[in-house]
Each structure stands twice: as structure tokens, then as C-alpha cells.
Amino acid sequence: MGADDVHECASTNTHGVSSMTWLVQPSLVNEPSSDPGLFIDFRFGRRALLFDLGDLTALSPRQLLRVSHAFVSHAHMDHFSGFDRLLRVCLHRTMPLHLAGPTAFGDRVDHKLKAYTMNLLDEHSCDFVITAAEFNGDRFDRVCEFRARDGFRQREVSPARLPPGTLLDEDEFRIVGVVLDHGTPCLAFAFEEKLRVNVWSEGLKLLRLPVGPWLSDAKRAVRRGAPDDSEIVIRHDQSIPLGVLKQHVLRTARGQKIAYVVDAAYNEKNIDRIVALARGADQLFIEAAFLDMDAEVAAQRRHLTARQAGAIAKRAGVSRFVPFHFSARYRDQEDRLRCEAEQAFCE
Ligand SMILES: [Zn+2]
């Protein structure tokens, strides 16, 4: 993705958060006229997330093997046909693959898996596990599990209990989502880093403390709001109160927020939901399928125009936004889509 694809107004980019310290690096899987998809790579640790599973050939097997969770907006082919490649690459790995999508998604994954002959899988196979959760905008209605050793037979398991609107909740971040109307339910997602905790190395020197895994424990304690007198164990014979670390070593800042919005009709309910989801995001990736002069076609197909996308980004008060998922009819006029979106964002 080139720098040209990112739009920001100087007046709205005031957070001053250095991207160097961000937890993840998001990038579009393909150029904006090809299949949509966002690869969210963690800066530390071998881990990645995917929003949508369209054409994934641009991602290397190494990148795909890092994917722990993939969130699928809906099952139109341009958002789901890459499932096969992901499965092909991950089939013999031990880390499970967790998928989430809209209603009926569990059966769609089941049908994909049933399309293949799996007779070589048995109790001696690497037990690759896939889960497919169906999100209704509030919670999971249903979760299906498929295990390689069981020939990927579909099995229902109980859904994780998460706060309303949440698809994944971990120590460092959460994924939240809404259901949009695209003639069919279409999910939009946001990655929200929780409180960011950075280590100030001068503070470590001042207190003569070593760098070590104990710092992760200290960061976790800050994130979960542990009291200042909690003792953080540095090694078996040394510990220090969290409050001292907060004073000299640990610096906190607002976490990173990335929103991803694809196929959606331009109606009030959708706009309100997108604005609420993307509110204050550092980056919003949003479809800008048509030029506004083709707004009628956009409405028929329940897609956003570039102007509508820019106006929504402005209402949501995002710092930057990236218009994408351009209709193929504008293949040689992508700049017109970008300009129209940018104008609506900055006016
Ligand atoms: Zn689409």
C-alpha cells in the first residue's frame, strides 16, 4: 500500500502517537480494486489476524501460518474464497484457526471442508482444529468446531462468554463488531488495543532493575488495574511494588484502534453503526466502491460511494482513513475515487 492511499487532514491527526510503538501493523492484502482483506501483523511475536478471506495469494505461507483468527464480513466470494488457501497452508499446523462470521457461517465452513477428501486424516494426524463462530452483532449464536483427527466432522461447542459486541477479548486487545445491512448481514470489525504500557529504560537504570520477562507481568498488572501495592516478582529473591514501577518505569498511553468496514448500504442504521464502531480510530479502512455520480447503482448493490465513505470517516472523527474495495469499473480512475473520498473527509 502506498502512502497515497492514506488520507488524513492535518487538523484531525493530533494524537501524536508514534507508530513505532504500535502493537500491530495493518496492511491491505490486495490493491484496492482486487479482493478486500486486511492483514494485521503483530510487531512482536509470531502472530497475525485477518479481516476477510478474499484472494490471499499475495500473502506468503509464512504470513498465513501466523494467522490465529480470521474474521469474515460475509460469504460473498470476494470475501471468503481465500478460505481454501488458508486451509491448505495451515492443515498441518498445531495452532488452532479461529474463524468468525455472520449467521450460518458454521455451515458454510462445514461445506467448504466437506468438499475435500480427508481419508488420510486419522488419530495419528496433527490435530489441526478450526472453529467457526456465528456473530449476531451482540454475541455468538453458535460455535462449530472441526478437528483434523475427527476428519473435520462438524461439532457444536459452547460459545465463549464475552462482553456485548465483542468477538475476541485478550489481555492486550479486543475485536469488536457490528452487523451491517448489505442485502445480507455483513460484519464490520474494529481492533482495539487496550491501554498501551511502554517501558522507560532510563527508569529501569535509575532503579537498577534488569530487563526480563517480569516486565510483561508488570504491564499486564497495569492493564488489569491491579492496586499500587501489588508486588511484582523480578526474580525469586526480589520483588517491587507496582506503584513504584508506575512512577519510574512504566508509561501508559491510549491504545491503537483500527476499523474495517466493507460492503454496506448507505442508510441511517448502517451509518450510525459504522460511526459508533469507528469512533476515534487511528485508521479506518472503508469501502468506497462507486463514484457518487453512480450513487444509484451503489444503492442498488448496497455499497457505499467514495463521498459517502469520506463523510462517514469524518463523522467518526478518525485520524486517517483508507478508501478501498473499488468497483472494477474504475480500474483506471482510482484517483477519482480517492479524491472524492478525501474531499468529503476534509470539507
Ligand atoms: Zn464485497
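The values are calculated or read from the model by the stated rules, or taken from the named source; none is laboratory data. Quick caveat: nothing in here was measured; it's all calculated off a predicted structure. Neighbour counts are summed over all protein chains in view; Cβ atoms, including those assigned to glycine, are modelled from backbone coordinates with ideal geometry. For accessibility, only protein heavy atoms count, side chains too; no ligands or nucleic acids. Shrake-Rupley method; radii C 1.70, N 1.55, O 1.52, S 1.80 Å.
Residues of segment 242-255 that are under 30 Å from ARG279 (Cβ atoms) and either outside any strand (DSSP E or B) or of a type in the set (Gly, Ala, Ser) (or both): LYS246, ALA253, ARG254, GLY255.
Considering segment 295-328, and only residues there that are touching a residue at least 12 places away in the same chain (Cβ under 8 Å), charged (D, E, K, R) and part of a helix (DSSP H, G or I), the residue that is nearest to the ligand (Cβ to nearest atom) turns out to be ARG301.
Please count how many residues of segment 293-347 are in contact with a His (Cβ under 8 Å, 6 or more places away or on another chain) and of a type in the set (Phe, Trp, Tyr). Here the count works out to 2. Contact map, segment 37-48: residues that are open to solvent by less than 10 Å² (accessible area, probe 1.4 Å) paired with residues that are among the basic types (Lys, Arg) and in a loop (DSSP other than H, G, I, E, B), Cβ distance under 9 Å, separation 6+ or inter-chain. Pairs shown: ALA48/ARG66.
Return yes when ALA264 is farther than 20 Å from TRP22 by Cβ and in contact with a strand residue (DSSP E or B) (Cβ under 7 Å, 6 or more places away or on another chain) and no when it is not. Let's see the steps before the verdict.
On the way: farther than 20 Å from TRP22 by Cβ: yes; in contact with a strand residue (DSSP E or B) (Cβ under 7 Å, 6 or more places away or on another chain): yes.
So ALA264 fits the description; yes.
Sort out which residues of segment 62-90 are touching a residue at least 24 places away in the same chain (Cβ under 8 Å) and either among the aromatic types (Phe, Trp, Tyr) or more than 19 Å from VAL129 (Cβ to Cβ) (or both), and write them in order of number. Of everything in segment 62-90, those that are touching a residue at least 24 places away in the same chain (Cβ under 8 Å) and either among the aromatic types (Phe, Trp, Tyr) or more than 19 Å from VAL129 (Cβ to Cβ) (or both) turn out to be GLN63, PHE71, SER73, HIS74, ALA75, HIS76, ASP78, HIS79, PHE80, SER81, GLY82, PHE83. When we screen SER216, SER239 for residues that are among the hydroxyl-bearing types (Ser, Thr, Tyr) and part of a strand (DSSP E or B), the only hit is SER239. Just the residues that are open to solvent by 10 Å² or more (accessible area, probe 1.4 Å) and in a helix (DSSP H, G or I), please, taken from segment 331-343. Scanning segment 331-343 gives GLU334, ASP335, ARG336, ARG338, CYS339, GLU340, GLU342, GLN343. The residues listed here are ALA265, ALA259, ALA253; of these, the one that is within 26 Å of the chain's Cα centre (by Cα), touching a residue at least 40 places away in the same chain (Cβ under 8 Å), on the phi < 0 side of the Ramachandran plot and within 16 Å of the ligand (Cβ to nearest atom) is ALA265. Here LEU50 passes the criteria (1) closer than 17 Å to PHE173 by Cα; (2) within 16 Å of the ligand (Cβ to nearest atom); (3) more than 15 Å from the chain's Cα centre (by Cα) except the one numbered (3). Just one of the listed residues (SER34, SER73) is within 16 Å of the ligand (Cβ to nearest atom), in contact with a Cys (Cβ under 7 Å, 6 or more places away or on another chain) and either at pLDDT 95 or above or not in a strand (DSSP E or B) (or both), namely SER73.
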